[in-house]
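Enquirer: If you scroll down you'll find the structure; I have some questions about it.
The values are calculated or read from the model by the stated rules, or taken from the named source; none is laboratory data. Keep in mind that this is a model prediction, so the values were computed, not measured. Positions of Cβ are generated from backbone atoms using ideal geometry, with glycine treated the same way; all protein chains shown enter the neighbour counts.
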Amino acid sequence: MAATLDPVTTKTNYLNALKSAIDEEMGRNPDMICLGEDIGILGGAFGVTEGLQAKYGTHRVMDMPISEAAIVGVSCGAALGGKTVMAEMQFIDFISCGFDQIVNMLATYHYRTAGEVAMNVVIRGPAGAYGGGALYHSQMNEAWFCQSPGLRVVVPSTPYDAKGLMKAALRDPNPVIFYEIKQLYRLSDIAEELPEEDYIVPLGQAAIRRAGTDLTLISYGQNVYHCLDAAKKLEDEGMQVEVIDLRSLVPLDEATILESIKKTNRALVVNEAPRTCGFAGELVARINELAFEHLDAPPLRLTRMDTPVPWAKALENFVLPQVDDIVSTARRLIRY
Amino acid sequence: METKTLTPPKSGSGSGRKSKAEPQSTTKPSDLLTPEDCLEMLKQLYLARYFDVRLIKEKRRGRLTGTLYSSHNQEAILVGSLYGLNGTDWISPIHRDMPAFFIKDLRAGWDNPDRLGMSIGEVCAQVWCRSGSPGRARDNWSHIGSKSKRIVHSTSMLAGTIPVAAGVVLADRLNGGDAVVLTYNGEGSTAQGVFHEAINFAAVHKLPVITIVENNMWAYGTPVELECPTEDVATRAAGYGIPGLIADGQDVFDVYDKVMVAVEHARAGKGPSIVECKTFRAYGHGDHDDDRAARYRTKEDVESGRSRDPIAICKIHLVNKGYLTKAEAKKYMAENKHATQTSDEDFPPDVVSYMSKGIEFALASPPPPAEEGAMWVFREEN
């Protein structure tokens, strides 16, 4: 554990939380292997797998050729052969190069085989915009995979959740697409003390980050922090806003959403992915199905415009939802 | 557009080619096969042919739904490549390899319940879309497999199983096993990026992945010269620094020889090979395509392509070896006939009854209950 600690405090950041989760699971599961580009000798582009190859060997931590299709396909085969696999996408944007292997091979394997074959595979990688990463280092493409039955989809926003969800994902017999928010990797503001003992965060349980009575903000990933900032501003105006961090999109914790809306009667979904057919749209549809009679205002979504993520800061900020956008839309909904 | 004449290669067309994996001695692996082995291989050819013929007839009688992808004229590739494998080896067949599911480890005994291949009944249950299929009729035709029988489950995305095959032998190696995997692919699928990506990975790590390319000259309605820029697909192996062997896909013993060289190479830890088997697709891409295939391929090309029937070629070898008399060779004449021209008398009776029992198993198996459609999306427990 010592290596994962912040030198000044005993707090662990998001990246080191992930690293310790993978390390601990490699230690407790001799049938687990890691595959990815530059994950061994280099230790990963961001360093999530740093030191793992030296500790567990080149046969368990494999540097892969630049081929996401091979990484995912080989992961499927290794899982068929009884292994648990952590497969890294160097950036989650590159996952599209392995798309067929994910949606047609991996996602459907258990279904096609009438339950004979489990796919203990976690595909993880750095995701998210707001960092000047431009078109191919900024994506949140989770909606592609939420619409592929058979995949679990997870997006942690805190170090505690990053570790607990990663450990839960690596023990889950189903394939998991694990979105790591790279803007949070080394953010010291969110570093926190983690339990010494082994723990998991079960997939499919949302967290209420802030309690409130006037409106429910529903989000995940780094938009959770935008929602919390907006909630503070709204509090200054006398409005109490509840913030739900979904943590897991598939399976989705509908109960927590419903209970919150019963209390607040208003809901706003905030999501940095593009608008059309994004997961925010799915959430608005679910809210209508689950909680229509509890609503005093239309459930709305704030999303990225239907554009790619541009590079220049002004352009990026223009297309992405910002704290002030959340505040103004929330105010409008509360006064509806 | 100029099209070259689509004739099958002459016997032994690959034998003059030098390959890194070519054995030093003049003894071929097939020279070591016993007379019983050779006669068993002929019988397996009959079985593969009868399976195909019978399904074509069942479909024409309206007893089957779904598309048939005939392996007629390509049976020597399946029998010759599978015969020398251990039961614990993995295979990864595709749509035109349906008999591979029950021919795998058939050598261990046709009625041996412990052999590591599917029963013909399970395969028939899949064809008839019944719950007795290993996949419980969830995906169609050849999209079945078995973890316990060591058969990779394919999808419709051709060449997509090669990385999966590489992964499964990677896991086997990590577990201390010595299994090899045979992946089956048409020449058309070698244009897929994943064909390259998977073989490149397997070659880097010297994994025992043997890629069989069934070059039947046609990828659906597109001739090979519009799919592949080189005369032989096997030459692509040079780019990975691995052996590229060419077999006469009509000759069960030549296929056996080339595949066994690749198997020994792989089992010795020397890595992957590509084995191109030259053959010719007898009918349309699927039976839905038979009429159109008669238009995009000339009658002369088809006749010439089908002129070297693998059953007939096997018999010539067996007569030459003295394992079969000329009279015995003429007893069951399944060769050189369209499926509809054959009758059960053209096949050994035990082959006919083996398949018939498989069909009985299928017909006795109920369709899957409707609610299974929503089952097994996720595994709920470890």
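Enquirer: Could you count how many residues in the range A:83-138 are facing another protein chain (nearest Cβ under 10 Å), assigned to a loop (DSSP other than H, G, I, E, B) and within 26 Å of A:TYR56 (Cα to Cα)?
Expert: The number of residues fulfilling the criteria is 4.
Enquirer: Within the range B:232-254, work out how many residues are assigned to a helix (DSSP H, G or I), among the β-branched types (Val, Ile, Thr) and touching a Pro at 6+ places or on another chain (Cβ under 9 Å).
Expert: 1
Enquirer: Continuing with the same structure: Which residue out of A:VAL270, A:VAL250, A:VAL309 is surrounded by 15 or more Cβ atoms within 10 Å (Cβ to Cβ), in contact with a Cys (Cβ under 6 Å, 6 or more places away or on another chain) and farther than 28 Å from A:GLU237 by Cα?
Expert: Within the list A:VAL270, A:VAL250, A:VAL309, the selection yields A:VAL250.
Enquirer: Keeping to the range B:264-286, report how many residues are farther than 22 Å from B:GLU231 by Cα and of a type in the set (Phe, Trp, Tyr).
Expert: 1
Enquirer: Also, quick follow-up: Name every residue in the range A:41-72 that is within 13 Å of chain B (Cβ to nearest Cβ) and either over 24 Å from B:GLY193 (Cβ atoms) or touching a residue at least 60 places away in the same chain (Cβ under 8 Å) (or both), in order of residue number.
Expert: Quick first cut of the range A:41-72, residues within 13 Å of chain B (Cβ to nearest Cβ) only: A:56-72.
A:TYR56, A:GLY57, A:THR58, A:HIS59, A:ARG60, A:VAL61, listed by residue number.
A quick yes/no check of all residues on (1) over 25 Å from B:THR183 (Cα atoms); (2) of a type in the set (Val, Ile, Thr); (3) within 24 Å of the chain's Cα centre (by Cα); (4) buried (at least 19 other Cβ atoms within 10 Å of the Cβ):
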site: B:ILE274; (1), (2), (3), (4): no, yes, yes, yes
site: B:PHE280; (1), (2), (3), (4): no, no, yes, yes
site: B:SER304; (1), (2), (3), (4): yes, no, yes, no
site: B:SER307; (1), (2), (3), (4): yes, no, yes, no
site: B:LYS315; (1), (2), (3), (4): yes, no, yes, yes
site: B:GLU328; (1), (2), (3), (4): yes, no, no, no
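Enquirer: Please go through the range A:266-314 and pick out each residue that is more than 22 Å from A:ALA211 (Cα to Cα) and basic (Lys, Arg).
Expert: A:ARG275, A:ARG304, A:LYS313
Enquirer: Keeping to the range B:44-90, report how many residues are within 15 Å of B:VAL352 (Cα to Cα) and surrounded by fewer than 17 Cβ atoms within 10 Å (Cβ to Cβ).
Expert: Residues meeting the conditions: 2.
Enquirer: Can A:GLN101 be described as touching a residue at least 24 places away in the same chain (Cβ under 8 Å), in contact with a Gly (Cβ under 6 Å, 6 or more places away or on another chain) and either crowded, with 24+ Cβ neighbours inside 10 Å or closer than 22 Å to A:ALA45 by Cα (or both)?
Expert: Judged against the criteria, A:GLN101 is a match.
Enquirer: Related question: Would you confirm, using the coordinates I've provided, whether A:LEU315 is more than 27 Å from A:LYS182 (Cα to Cα), assigned to a helix (DSSP H, G or I) and not acidic (Asp, Glu)?
Expert: For A:LEU315, the condition - more than 27 Å from A:LYS182 (Cα to Cα), assigned to a helix (DSSP H, G or I) and not acidic (Asp, Glu) - is not met.
Enquirer: Pick out the one residue from B:VAL123, B:VAL152, B:VAL127 that is at pLDDT 95 or above, touching a strand residue (DSSP E or B) at 6+ places or on another chain (Cβ under 6 Å) and not aromatic (Phe, Trp, Tyr).
Expert: Checking each option against the conditions leaves just B:VAL152.
Enquirer: Okay, moving on. Hey, any hits in the range B:342-354 for a residue that's surrounded by 14 or more Cβ atoms within 10 Å (Cβ to Cβ), charged (D, E, K, R) and touching a residue at least 24 places away in the same chain (Cβ under 8 Å)?
Expert: no
Enquirer: If A:GLY281 satisfies every condition in (1) closer than 20 Å to A:ASP325 by Cα; (2) assigned to a strand (DSSP E or B) but one, which is the exception?
Expert: All conditions are met except number (2).
Enquirer: Right, next: When residues of the range B:159-202 are filtered for being facing chain A (nearest Cβ under 10 Å), assigned to a helix (DSSP H, G or I) and small (Gly, Ala, Ser), how many remain?
Expert: Residues meeting the conditions: 7.
Enquirer: Does any residue of the range A:216-223 turn out to be more than 17 Å from A:VAL153 (Cβ to Cβ), of a type in the set (Phe, Trp, Tyr), at pLDDT 95 or above and not assigned by TED's automatic domain parsing to the domain that holds A:THR158?
Expert: no
Enquirer: Surrounded by fewer than 18 Cβ atoms within 10 Å (Cβ to Cβ) and at pLDDT 95 or above: does that describe B:LEU245?
Expert: On the way: surrounded by fewer than 18 Cβ atoms within 10 Å (Cβ to Cβ): no; at pLDDT 95 or above: yes.
No.
Enquirer: Then there's this: In the range A:146-157, which residues are touching a Phe, Trp or Tyr at 6+ places or on another chain (Cβ under 8 Å), within 14 Å of chain B (Cβ to nearest Cβ) and not in a strand (DSSP E or B)?
Expert: Selection gives A:CYS146, A:PRO149, A:GLY150, A:LEU151.
Enquirer: A further question follows. So, in the range A:159-187, of the ones that are touching a Leu at 6+ places or on another chain (Cβ under 8 Å) and among the β-branched types (Val, Ile, Thr), which residue ends up farthest from A:LEU228 (Cα to Cα)?
Expert: Checked the range A:159-187; the qualifying residue farthest from A:LEU228 (Cα to Cα) is A:VAL176.
Enquirer: Of all residues being in contact with a Gly (Cβ under 8 Å, 6 or more places away or on another chain) and in a loop (DSSP other than H, G, I, E, B) in the range A:176-221, which is surrounded by the fewest Cβ atoms within 10 Å (Cβ to Cβ)? Just the residue, please.
Expert: Only one residue fits best here, namely A:TYR199.
Enquirer: May I pose another question? Which of the residues that make up the range A:276-295 are out of contact with any Leu (no Cβ under 9 Å at 6 or more places or on another chain) and surrounded by fewer than 16 Cβ atoms within 10 Å (Cβ to Cβ)?
Expert: Going through the range A:276-295, the residues out of contact with any Leu (no Cβ under 9 Å at 6 or more places or on another chain) turn out to be A:276-278, A:281, A:285, A:289, A:292-293, A:295.
Those that are out of contact with any Leu (no Cβ under 9 Å at 6 or more places or on another chain) and surrounded by fewer than 16 Cβ atoms within 10 Å (Cβ to Cβ): A:THR276, A:CYS277, A:ALA285, A:GLU289, A:PHE292, A:GLU293.
Enquirer: Next up: Test each condition in (1) surrounded by 15 or more Cβ atoms within 10 Å (Cβ to Cβ); (2) part of a helix (DSSP H, G or I); (3) within 14 Å of chain A (Cβ to nearest Cβ) for B:ARG379 and report the one that comes out false.
Expert: (2)
Enquirer: Give just the number: which of (1) touching a Cys at 6+ places or on another chain (Cβ under 8 Å); (2) within 14 Å of another protein chain (Cβ to nearest Cβ) does A:ALA143 not satisfy?
Expert: Only one criterion in (1) touching a Cys at 6+ places or on another chain (Cβ under 8 Å); (2) within 14 Å of another protein chain (Cβ to nearest Cβ) is unmet by A:ALA143, namely (2).
Enquirer: Mind checking whether some residue in the range B:315-330 is in contact with a strand residue (DSSP E or B) (Cβ under 8 Å, 6 or more places away or on another chain) and in contact (Cβ under 8 Å) with a residue 40 or more places away in the chain?
Expert: In the first step, residues of the range B:315-330 are kept if they are in contact with a strand residue (DSSP E or B) (Cβ under 8 Å, 6 or more places away or on another chain); the result is none.
The answer is no; no qualifying residue exists.
Enquirer: Within the bounds of the range B:81-89, is there any residue that is within 14 Å of another protein chain (Cβ to nearest Cβ) and under 23 Å from B:ALA247 (Cα atoms)? Spell out how you get there, then give the answer.
Expert: First pass over the range B:81-89, keeping only residues within 14 Å of another protein chain (Cβ to nearest Cβ): B:88-89.
Narrowing the set further to residues that are under 23 Å from B:ALA247 (Cα atoms) leaves B:89.
Yes: one or more hits.
Enquirer: Every residue in the range A:26-41 that is closer than 19 Å to A:ALA168 by Cβ, out of contact with any Leu (no Cβ under 9 Å at 6 or more places or on another chain) and either of a type in the set (Lys, Arg) or buried (at least 24 other Cβ atoms within 10 Å of the Cβ) (or both), please.
Expert: Restricting attention to the range A:26-41, the residues satisfying the condition of being closer than 19 Å to A:ALA168 by Cβ are A:26-29, A:31-34.
Still in the running and out of contact with any Leu (no Cβ under 9 Å at 6 or more places or on another chain): A:27-28.
Selection gives A:ARG28 alone.
Enquirer: Please state which one of A:ARG331, A:ARG335 is in contact (Cβ under 8 Å) with a residue 60 or more places away in the chain, of a type in the set (Lys, Arg) and under 23 Å from A:ARG210 (Cα atoms).
Expert: Matching residue, one of A:ARG331, A:ARG335: A:ARG331.
Enquirer: Counting only residues that are at pLDDT below 95 and among the hydroxyl-bearing types (Ser, Thr, Tyr), which one in the range A:1-55 is nearest to the chain's Cα centre (by Cα)?
Expert: A:THR4
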